[in-house]
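K.L.:
Have a look at this one.
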Amino acid sequence: MMTLSSSQVSRAVEGRISSIKPSLLIPAFSFIISAYMIFGRLGDWPLMRPDEGRNAEVAREMSLSDSWLVPTYNGLVYLDKPAFYFKTIALSFSLFGESEGVARLSSALFGFSLLVAVFLFCRKIYDQRTAILAILIIATTPLYITFSRFVIFDMSLAFFVSSTIFACFLAEEGEATQRMHWYMVAALSAGIATLIKGPVGFIIPSLVIIIFNWLEGRLGVMRHAFALRNWVIFLAVVLPWFIGLSLLRPDFPYYGILKESVARFTTTEFHRTAPFYYYAPIILGTFFAWSLLLPESIIAAWKKRKNWSRADRLFIVWAISVVLFFSVSQSKLPGYILTAVVALGILTARIFAMALDNSSGQAARTVWRGTIPLFLLSTLAVLFISIIAFNPEILKSRLRFKHELFDLFIPTFLPMAISFGIVALLSAFAFLTRNTRLIFAAFISFPLLLLSVNFDLIVLYAQSRSSRNLAEQISKDLTPTTELACLQCLPNGLPFYLKRLVTVLSNNGNELTSNYIVFTLNSGKPWPEGLVPTAQWHNWLVTRTHPVYLLAKKGQLAQLKDIALEHSAEVFDLDADYFAALLPAPVKK
């Protein structure tokens, strides 16, 4: 048998590597970075309130009960959102087990899939350089990172809403057969988006495409988008779920359409109101550091609007339409404009691509001047955080929240200061050299450092907003025959971590953070099992035939002590916020 010397093996490997096209290496490297931003240490921090613990528990109960149409939360019917997203998590639990990382896997996969869709779309419509820059910018945007790593609906919705818009645009770029196929894809995507979060799933892409084609003077093409064939596909996806759920829960059509959709948009009933300008600071913060380029980019782009390509106009209309739509809405949350951030990311990639193509053009000057505010903000951050790192009492004495919580974050201040120092140095060097690649590196360094050097900061923040530690403490005193009950509280994620349902003593059901549950309680129907009116706690306790572990927040401590005293039990501290008493089972006479 012929053997190869080490030098021959080395030359063979080098030859193999050199044969790989550079056009493949750069996109591959970009996707590796993007994958790290989304999947890196995905399960290394606990589920956070207000949504993660609840959504993970809904999926866990769905996995156990195989109730794929009617979700439940803590054993109670939960119809605040359609079941599709919960199904994806439940399937992940069935395949990989129940953990924080698996609970977040669905959002992460949709986040990465959307980056793939952005890459393919931009490479087809623009060029490969723009496609690479687009996925790097979007993947390093704080809002995108957050919702790719949270157990929440927004990223799965963003994938299908964006896919619908991409497909509608591409439909009018090809010949008749391609047009038909792309619109069929759009109809399917819009249907699934509706299964994720209701009517907004088809309203947003429809709004963007209609406004875009109207401004293009091509409103007539909408007859292709709304052709009968596409309606059939859309309804075939949506109607089985809607009809089936309505038959099982007759109150759902009224709640789902009038309350959860119309009332959420037009009234303050859901207590998520904010000023019209709410999304201006949200974009500034959640699109940072790329948002520093927006003011000058907007002015420069408007002056050269005659040079916009058709795709440029799509993304401009997309970003503006989504932001204005939700600015008018009475219900506002940062995640609502996630797809607008995707559009802004692609437009920012266009600016960097033009800057790389022409180092003396307007785009190059725009990104170069963008390093000035990046340097100034990073330098101020370094100075402020360094002072706090070496003398934390300066800030600690002015804080209103718990000092022990602040103490946990003190070790993270110095690494954070170093990170901002790196950003400041990179931005200063980039400004002096006017090197566009170095400018891009300065902007992308902030999120990369956030998920590497400063990862402990994220973990500590998550721990301060999670029930995992509380659940670990409670589990020490729980036996299979002990009933867990909460007095006017339900720590988010507690049922998920303890793998059991919790009886809630409540005045109105608000502790379950479910608008549908509150809606059903207000309808006058008998309260379901597992939810007890607070006024009836005494009668309820009399019926218990086993020990009850009763949990309460600090605000209900006096009532908890009265109950414990009546049952000859002691009240003990769990942490600074929660107290508990183990009530013995009644003695049988």
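K.L.:
Please work out if Phe325 is part of a helix (DSSP H, G or I), outside the structural domain of Arg369 (by TED's automatic domain parsing) and of a type outside the set (Ser, Thr, Tyr). Before you say what the answer is, go through the steps one by one.
P.N.:
Working: part of a helix (DSSP H, G or I): yes; outside the structural domain of Arg369 (by TED's automatic domain parsing): yes; of a type outside the set (Ser, Thr, Tyr): yes.
Judged against the criteria, Phe325 is a match.
K.L.:
Report, by residue number, each residue of segment 272-289 that is over 20 Å from the mean Cα position of the chain (by Cα) and over 30 Å from Phe375 (Cβ atoms).
P.N.:
Of segment 272-289, the ones over 20 Å from the mean Cα position of the chain (by Cα) are 275-277.
Once the filter is applied, which keeps residues that are over 20 Å from the mean Cα position of the chain (by Cα) and over 30 Å from Phe375 (Cβ atoms), segment 272-289 yields Pro275, Phe276.
K.L.:
How do the helices (runs of 4 or more DSSP H) wholly within segment 1-115 filter down when requiring 1 or more residues that are modelled with pLDDT under 90: which remain? Break it down stepwise before answering.
P.N.:
Numbers: elements: 6-18, 22-39, 52-65, 84-96.
Where helices (runs of 4 or more DSSP H) fall fully within segment 1-115 and carry at least 1 residues being modelled with pLDDT under 90, they are 6-18, 22-39, 52-65.
K.L.:
Quick one: what pairs do we get from segment 342-366, first residue modelled with pLDDT under 90, second charged (D, E, K, R), C-beta under 8 Å, 6+ apart or different chains?
P.N.:
Going by the 8 Å Cβ cut-off, the qualifying pairs are Ser359/Arg434.
K.L.:
Can you pull out the strands (runs of 3 or more DSSP E) entirely within segment 487-589 that have at least 2 residues that are loosely packed, with under 14 Cβ neighbours inside 10 Å and not assigned by TED's automatic domain parsing to the domain that holds Tyr78? So that I can check it myself, show each step before the final result.
P.N.:
Working: elements: 503-506, 531-533, 548-553, 571-573, 578-583.
Result: 571-573.
K.L.:
Taking the conditions exactly as written (touching a residue at least 60 places away in the same chain (Cβ under 8 Å), hydroxyl-bearing (Ser, Thr, Tyr) and surrounded by fewer than 22 Cβ atoms within 10 Å (Cβ to Cβ)), does Thr72 satisfy them or not? Break it down into steps so the answer makes sense when it comes.
P.N.:
Details: touching a residue at least 60 places away in the same chain (Cβ under 8 Å): no; hydroxyl-bearing (Ser, Thr, Tyr): yes; surrounded by fewer than 22 Cβ atoms within 10 Å (Cβ to Cβ): yes.
It is false that Thr72 is touching a residue at least 60 places away in the same chain (Cβ under 8 Å), hydroxyl-bearing (Ser, Thr, Tyr) and surrounded by fewer than 22 Cβ atoms within 10 Å (Cβ to Cβ).
K.L.:
With the checklist (1) part of a helix (DSSP H, G or I); (2) within 25 Å of Thr520 (Cβ to Cβ) in hand, flag the one item Ile145 doesn't pass.
P.N.:
(2)
K.L.:
What are the residue pairs meeting all of these: first residue in segment 457-475, first residue touching a residue at least 40 places away in the same chain (Cβ under 8 Å), second residue part of a helix (DSSP H, G or I), Cβ atoms under 6 Å, and 6 or more apart or on different chains?
P.N.:
Pairs that qualify, where the first residue is touching a residue at least 40 places away in the same chain (Cβ under 8 Å) and the partner is part of a helix (DSSP H, G or I), are Leu457/Thr412; Leu460/Leu408; Leu460/Phe409; Ser464/Leu405; Ser467/Leu494; Arg468/Tyr497.
K.L.:
I'd like to know if segment 234-243 contains one or more residues that are over 16 Å from Ala190 (Cβ atoms) and touching a residue at least 24 places away in the same chain (Cβ under 8 Å).
P.N.:
Quick first cut of segment 234-243, residues over 16 Å from Ala190 (Cβ atoms) only: 243.
After this cut, where a residue has to be touching a residue at least 24 places away in the same chain (Cβ under 8 Å) as well, the list is none.
Checked segment 234-243: no residue is over 16 Å from Ala190 (Cβ atoms) and touching a residue at least 24 places away in the same chain (Cβ under 8 Å).
K.L.:
Hey, another quick one. Where residues in segment 29-69 are surrounded by fewer than 20 Cβ atoms within 10 Å (Cβ to Cβ) and of a type in the set (Val, Ile, Thr), which of them is farthest from the chain's Cα centre (by Cα)?
P.N.:
Restricting to residues being surrounded by fewer than 20 Cβ atoms within 10 Å (Cβ to Cβ) and of a type in the set (Val, Ile, Thr), the top hit is Ile32.
K.L.:
Also: Among the residues of segment 445-455, is any under 30 Å from Ala364 (Cβ atoms) and in contact with a Phe, Trp or Tyr (Cβ under 8 Å, 6 or more places away or on another chain)?
P.N.:
Scanning segment 445-455 turns up at least one residue that is under 30 Å from Ala364 (Cβ atoms) and in contact with a Phe, Trp or Tyr (Cβ under 8 Å, 6 or more places away or on another chain).
K.L.:
May I pose another question? For the list (1) crowded, with 22+ Cβ neighbours inside 10 Å; (2) not assigned by TED's automatic domain parsing to the domain that holds Ser163, I need the number of the one condition that Val342 fails.
P.N.:
(2)
The values are calculated or read from the model by the stated rules, or taken from the named source; none is laboratory data. What you see is a predicted model, and the numbers here were worked out from it, not measured in a lab. Virtual Cβ from ideal backbone geometry, glycine too; neighbours counted across all protein chains shown.
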